[in-house]
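Report on the following structure.
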Amino acid sequence: MSVSDYIPVIGLEIHSELLTKSKVFCTCSAEFGGEKNTRCCPVCSGLPGTLPIINQTAVEYAIKAGYALGCEISKFSVWDRKNYFYPDLPKAYQISELYYPICLEGAVPIEYEENGEKKTKTIRINHIHLEEDAGKLVHDDLNGVSLCDYNRCGVPLVEIVTEPDMRSPEEARTLVETIALLLQYAGVSDCKMEEGSIRADVNISLMPKGATEFGTRAEIKNVNSLKSIYRTIEYEIKRQAQILDRGGKVIQETRRFDANKGETKSMRTKEDAHDYKYFPDPDILQVNLRDEDLERIKASLPEMPKERTAKYIGMGIPEKEAKIIVSDKLISDFFEDTLKAYNNPKSLVNFINGEIMRRINLGEIDMTAPAFDAVNVAKLVEMSDTEKVSKNDAKEIFREMAEKGGNPEEIAKNRGMLIVTDTSKVLEVIESVIAANEKAVNQYKSGDVKVFGFLMGQCSKSLRGAATPKVIKEELEKKLASL
């Protein structure tokens, strides 16, 4: 049998850290980074005699995440201790929610392209629960050692558990990308994969085509990029298919992905829930929510991607362009700010999806801290629309804004790019060009209208900054008609 003879069955456990200022059960900073093992206290370090206190904002953010992913919110949830010994967990148990999670039964529609075909699918969410993050293990494969940084211990996160509804690497990659965008719009997570604030455990098994019973799954822990999620699933499909083809059995185990080698490696035998010896945490009260609490939290959700896309299409922006803008919250927020300064959606979208996105893709712009602001970009686009600067010069002006910031009008003045129509100079240059190009003028008069572009080009070259192309064209046509 070949890989194509098996059906991959894929489920994800997506962990996303919440944007609270402090950790979920103590007052230590939840901010990313810091000197190793300095953002810890007796509570998140698990020292004896310490008592956790729940962070209310973390609970509200978990509820917002649930609403963003189409979940039902439970009015009653209980904290449990998940007991296991591993170096990244200093107190040897993790405070989580098993039996009564805070969000249930969601659904996330995805759109993706596979083998040149556009597809849509809805992935079911089994539940979302709130828990504390573990520490960070840094694996040094070269020297064969692993190091621990406990700053991340106790940072609040939601674990989003999907149903095993995905059947390809592209579906899984797209789901993580879609969920990350929804959480960013909801304002509950920055979803920076490079900082580990969103990562996924990938559960995958294979079953022969025509079978109805799922195979034995392997879980690949803490996959931290969209590319790695795709590569992990591709590798596991091949690995498990080879085992099955040889007549072997896939064992239930926990593995990790080695991005350098592009392969997964075994870590430990996969535990079931009973192996963790879950029991209700005796130190933390249950969470009870009222209808008015849920209504307030739901009402506080900002405009989400679907609503923004519909709004932009209603402005006359093509659907494809609207989706490009919405696919990055920083870009969409920036566009919203430019609209406040210059109400011309189509021109602004063309500039943002063109010039700004091009420079982002080249690595010249970081939209988390750009040198330019929305007001000045709006002003530049308006200057281009009203022919105060040429389209090409607008790009040059923006290049300087991207590097140094600044006011586009001042930049245009300083660089001699500001167009101020001088009719007398236009007529003077046209006379000069006609006199110097008698052959081309005669060709035009004989009906060869193609040479008009040449004459226009000669005039524009001499009149740089003194008139708009429209004015030059009108005056040149008048002059040639009078000859």
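Assorted remarks:
- Among residues of region 105-126, those that are at positive phi and in contact (Cβ under 8 Å) with a residue 24 or more places away in the chain, counted: 1
- Yes/no for VAL420 being part of a helix (DSSP H, G or I) and touching a residue at least 24 places away in the same chain (Cβ under 8 Å): no
- Any hit, region 129-151, residues being farther than 25 Å from GLU35 by Cα and either of a type outside the set (Gly, Ala, Ser) or in contact with a Lys or Arg (Cβ under 7 Å, 6 or more places away or on another chain) (or both): yes
- In region 8-52, the residue that is farthest from LYS91 (Cα to Cα) out of those that are of a type in the set (Val, Ile, Thr) and surrounded by 17 or more Cβ atoms within 10 Å (Cβ to Cβ) is VAL9.
One line per residue, one yes/no per condition, for (1) out of contact with any Ser or Thr (no Cβ under 6 Å at 6 or more places or on another chain); (2) at pLDDT 85 or above; (3) assigned to a helix (DSSP H, G or I):
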residue	(1), (2), (3)
GLY453	yes, yes, yes
MET456	yes, yes, yes
ALA466	yes, no, no
VAL471	no, no, yes
LEU476	yes, yes, yes
ALA481	yes, yes, yes
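- ILE233 vs. criteria assigned by TED's automatic domain parsing to the domain that holds ILE179, outside any helix (DSSP H, G or I), crowded, with 17+ Cβ neighbours inside 10 Å and under 26 Å from the mean Cα position of the chain (by Cα): no
- Members of region 306-361 that are more than 25 Å from THR386 (Cβ to Cβ), among the basic types (Lys, Arg) and touching a residue at least 24 places away in the same chain (Cβ under 8 Å): ARG308, LYS329
- Residues within region 285-339 that are of a type in the set (Ser, Thr, Tyr) and either surrounded by 15 or more Cβ atoms within 10 Å (Cβ to Cβ) or part of a helix (DSSP H, G or I) (or both), tallied: 4
- For region 371-409, filtered to residues that are of a type in the set (S, T, N, Q) and part of a helix (DSSP H, G or I), the residue that is modelled with the lowest pLDDT is ASN392.
- Of the listed requirements (1) without any contact (Cβ under 8 Å) to a residue 24 or more places away in the chain; (2) surrounded by fewer than 18 Cβ atoms within 10 Å (Cβ to Cβ); (3) at negative phi; (4) not acidic (Asp, Glu), ILE397 misses just one: (2).
- Residue within region 112-135 that is assigned to a loop (DSSP other than H, G, I, E, B), crowded, with 16+ Cβ neighbours inside 10 Å, hydroxyl-bearing (Ser, Thr, Tyr) and assigned by TED's automatic domain parsing to the domain that holds VAL158 present: no
- Identity of the residue in region 189-226, in a helix (DSSP H, G or I) and under 13 Å from the mean Cα position of the chain (by Cα), that ends up nearest to HIS15 (Cα to Cα): MET193
- Filter result for THR368 (part of a loop (DSSP other than H, G, I, E, B), under 30 Å from SER332 (Cα atoms), out of contact with any Leu (no Cβ under 6 Å at 6 or more places or on another chain) and not acidic (Asp, Glu)): yes
The values are calculated or read from the model by the stated rules, or taken from the named source; none is laboratory data. Please read all numbers here as calculations on a predicted model, not as lab measurements. Reconstructed Cβ throughout: ideal geometry from the backbone, glycine too, with neighbour counts over all protein chains shown.
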